[in-house]
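A short write-up of the structure that comes next.
The values are calculated or read from the model by the stated rules, or taken from the named source; none is laboratory data. Please read these numbers as outputs of a predicted model, since none were measured by experiment. Methodologically, a virtual Cβ is constructed for each residue, glycine included, from the backbone with ideal geometry; neighbour enumeration extends over all protein chains shown.
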């Protein structure tokens, strides 16, 4: 089963398990994000990512310089441990990407704006071996043009299903899900941003990029 097939299953189940009033708000929000996104703002191939240091699930700082010390880094921006699409994606990357990346000197790191406790929960619940980093305040994501603020009319519905971002992140700003492949000089060689958060980058595509570097 491909990642997209798994994500499609989650999309299909939304209408089956969620009350209509909740599903309607979430689907409308999903479309609003797609309609309002400005791809020109997203950092793309050729741009240089400034070095950063973010805490991992154990509180240890991990820098981009460390991640690119021996090869390219795959930076995966995700929404948070409360997002089923994110959890499925991270598990797929663990199973399909991590065993292959090491052969090419590449490392993967997942980044979200959630507080460190959320990063710990994400790492443990999905049995992830790669760093899960907390970009509290979206400092790195904002530099890359990935951020947006969740509209106030959507917040009560999200809070009602366990996605109270004021609690998880300290604020209602999120980053669009994205995958960036950054080379040893911290230059972006591949960027795939998903304003439609129910879609993600297939592992095979990421591996193809890494192999080409």
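Can you work out which of the residues in segment 29-45 that are part of a loop (DSSP other than H, G, I, E, B) and over 17 Å from residue 140 (Cα atoms) is farthest from the chain's Cα centre (by Cα)? Ranking the qualifying residues of segment 29-45, first place goes to 38. Scanning segment 152-199 for residues that are over 23 Å from residue 22 (Cα atoms), buried (at least 20 other Cβ atoms within 10 Å of the Cβ) and in contact with a helix residue (DSSP H, G or I) (Cβ under 9 Å, 6 or more places away or on another chain) yields 178, 179, 181, 182, 190, 193. Would you call residue 115 under 22 Å from residue 200 (Cβ atoms), in contact with a strand residue (DSSP E or B) (Cβ under 8 Å, 6 or more places away or on another chain) and free of Cβ contacts under 8 Å to residues at least 60 places away in the same chain? So residue 115 fails the test. Suppose the filter is surrounded by 15 or more Cβ atoms within 10 Å (Cβ to Cβ) and in contact with a strand residue (DSSP E or B) (Cβ under 7 Å, 6 or more places away or on another chain); does residue 101 pass it? For residue 101, the condition - surrounded by 15 or more Cβ atoms within 10 Å (Cβ to Cβ) and in contact with a strand residue (DSSP E or B) (Cβ under 7 Å, 6 or more places away or on another chain) - is met. Note on segment 125-157: among residues that are free of Cβ contacts under 8 Å to residues at least 60 places away in the same chain and outside any loop (DSSP other than H, G, I, E, B), the one that is farthest from residue 84 (Cα to Cα) is 142. With a requirement of 1 or more residues that are under 16 Å from the mean Cα position of the chain (by Cα) and modelled with pLDDT of 95 or more, the strands (runs of 3 or more DSSP E) lying completely within segment 47-109 that satisfy it span 53-55, 73-77. Taking the numbered list (1) in contact with a strand residue (DSSP E or B) (Cβ under 7 Å, 6 or more places away or on another chain); (2) surrounded by 15 or more Cβ atoms within 10 Å (Cβ to Cβ) in turn, residue 149 passes all entries but (2). Residues that are in contact (Cβ under 8 Å) with a residue 40 or more places away in the chain and under 29 Å from residue 187 (Cβ atoms) do not occur anywhere in segment 11-21.
The residue that is surrounded by the most Cβ atoms within 10 Å (Cβ to Cβ), among those in segment 59-85 that are out of contact with any strand residue (DSSP E or B) (no Cβ under 9 Å at 6 or more places or on another chain) and over 19 Å from residue 140 (Cβ atoms), is 85.
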